[in-house]
Amino acid sequence: MNSEFATERTKGTVQLDPMVDFKKGLELLRNEYPQRALRRLQRAFESDKHNAYYISFLGLSISRAQRKWEQASELCEIAVQLKPTEIQFHLNLGEVYAAAGLREKALDKLDEALKLFGKDARLKRARSKVENRRALLLPFISREHFMNRKLGKLRHGIIKSWNK
């Protein structure tokens, strides 16, 4: 066996490199095999419980595979706290909240990330997936018209301030 991918224990059993498990877990998640990804990501996490990447993607895979929203969101929140400058962790947390039906919480977290990172395309895309558009304020003109856009932003700001 290639020593780059596996190390031998003194008892003679083979332990895979956690990075290999992590990369394979990500590939499985991308290809929509959350159950199989979960096993790989759990193994990677068990080898290094302080790695924010392992923690965040384990949370994401738990949400997709087992729908254990509380556990998944807790793991993703921990990863964001450990490494707040990683955009992907914010995306994972937003996805978990959205999947759990916590749409407003997901939007708030993605809005916070947009403020932190600026107009990142991935964050904008994730936000638009989560966002259910409200009815037009002026339905007789298009959504893109400046009046609907300005009034919509004003409404959003008012609703957001009420929720605080």
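Overview of results
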read-out: Stokes-Einstein D (µm²/s) once Rh is taken as the Kirkwood radius of the stretch 24-71 over alpha-carbon pairs, at 25 °C in 0.890 mPa s; value: 239
read-out: Aspartates and glutamates with Cα under 19 Å of LYS49, excluding same-chain neighbours fewer than 8 positions away; value: ASP17, ASP21, GLU70, GLU74, GLU77, GLU86
read-out: Two-site label geometry, ARG122 and LYS83: point separation in nm, points 7 Å out along Cα→Cβ; value: 1.1
read-out: Two-decimal ratio, the stretch 77-155, of alpha-carbon radius of gyration to 2.2 N^0.38 Å; value: 1.24
read-out: 0 to 90° range, to nearest 10: angle between helix 121-130 axis and the chain longest Cα axis; value: 70
read-out: Mean residue ellipticity (222 nm) of the chain, computed from DSSP H runs ≥ 4 via -39,500 (n - 2.57), nearest 500; value: -21500 deg cm²/dmol
read-out: Nitroxide proxy distance, nm - points 7 Å out along Cα→Cβ at GLU70 and LYS129; value: 2.6
read-out: Extension reserve of the LYS49-ASP108 stretch, reckoned as 0.36 nm per residue once the Cα distance is removed; value: 18.5 nm
read-out: Rg/Rg_ref, the chain, where Rg_ref = 2.2 N^0.38 Å and atoms are Cα; value: 1.31
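Rule-based calculations on the coordinates, nothing more; no lab input. Just so it is clear, the model here is predicted, and its values are computed rather than measured. FYI the Cβ positions are ideal-geometry reconstructions off the backbone, even for glycines, and counts take in every protein chain you see.
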